[in-house]
Every structure is written in C-alpha cells, then in structure tokens.
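The values are calculated or read from the model by the stated rules, or taken from the named source; none is laboratory data. Predicted, not measured: the structure shown is a model, and the values here were computed from it. Quick reminder, even Gly has a Cβ in these numbers, built from the backbone with ideal geometry, and neighbours come from all protein chains shown. The area values use the complete protein model at the heavy-atom level, side chains included, leaving out ligands, DNA and RNA. Shrake-Rupley method; radii C 1.70, N 1.55, O 1.52, S 1.80 Å.
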Amino acid sequence: MAHAKTSYVCLPCRLSFKQPYDRTRQRICPHCAEPMIHAGSAFATPRRRDVDAWRTLTVLLNAGVGFHKSCCGGPGYRPRTLREVRERMAHARRSGLPIATALTLRELP
C-alpha cells in the first residue's frame, strides 16, 4: 500500500518537500541539515520571497497548528496575514483560550 504524501517544512530556509508520511522518521532539511516540521498533507507552500507569509506560517507551526485534511472540509481556517495572527493571539491572551485554538478561529467574538 502506498503512503500518502505530506509536507515537511524548513522554516529558516523557507523550503517545503512532499514526502511519504512516516511518524518514526525525522526529516532533515537538505539545505541546512536542521530538523523539518511536519506541516500536513493540505499544506500549500508560500513563495520563498513572501516573508510575511513565512512569518505567519512560523507562528502557526510553532503553535502546533498543522495543515491536515479533515473528513471533507480540508484543514479548516488558518490566518493568512500577520494582522490576523496578531488579532487571534491578543484574543487568546484576553480570553485564556489556547493559542492553537485561537489561531484557527474564523471569526473572533
């Protein structure tokens, strides 16, 4: 049986690779030799020169928010701008909501 491909990301190098998922194997960036982060099968890589998109992505992945396909709707809402990230982080601080949960809210209360 073939394994589904999923994305692994190196944030410092702004690189992403689709590879078969294997939870027992740590992927290493071929450019800098640092460990890569498993981003999920629904991940779409931003352009390397889009620094703001990579900053947004860094916050999401470091908070544990991945891009995994769910049953029918894909990964769900993910902020696309630093402004959206800042708004959700402020909401998490005010409300006590976990950061990963606040980052995936489509609408803020």
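Filtered by the rule that a residue be out of contact with any Lys or Arg (no Cβ under 9 Å at 6 or more places or on another chain) and open to solvent by less than 90 Å² (accessible area, probe 1.4 Å), the stretch 11-27 gives Leu11, Ser16, Asp22, Arg27. Annotation note: of Arg80, Arg88, Arg93, Arg47, the sole residue that is open to solvent by 50 Å² or more (accessible area, probe 1.4 Å) and either of a type in the set (A, V, I, L, M, F, W, C) or over 19 Å from Ser16 (Cβ atoms) (or both) is Arg93.
Could we say that His68 is at pLDDT below 95 and not small (Gly, Ala, Ser) here? Criteria met by His68. Of the residues in the stretch 33-43, at least one is part of a loop (DSSP other than H, G, I, E, B), surrounded by 11 or more Cβ atoms within 10 Å (Cβ to Cβ) and small (Gly, Ala, Ser).
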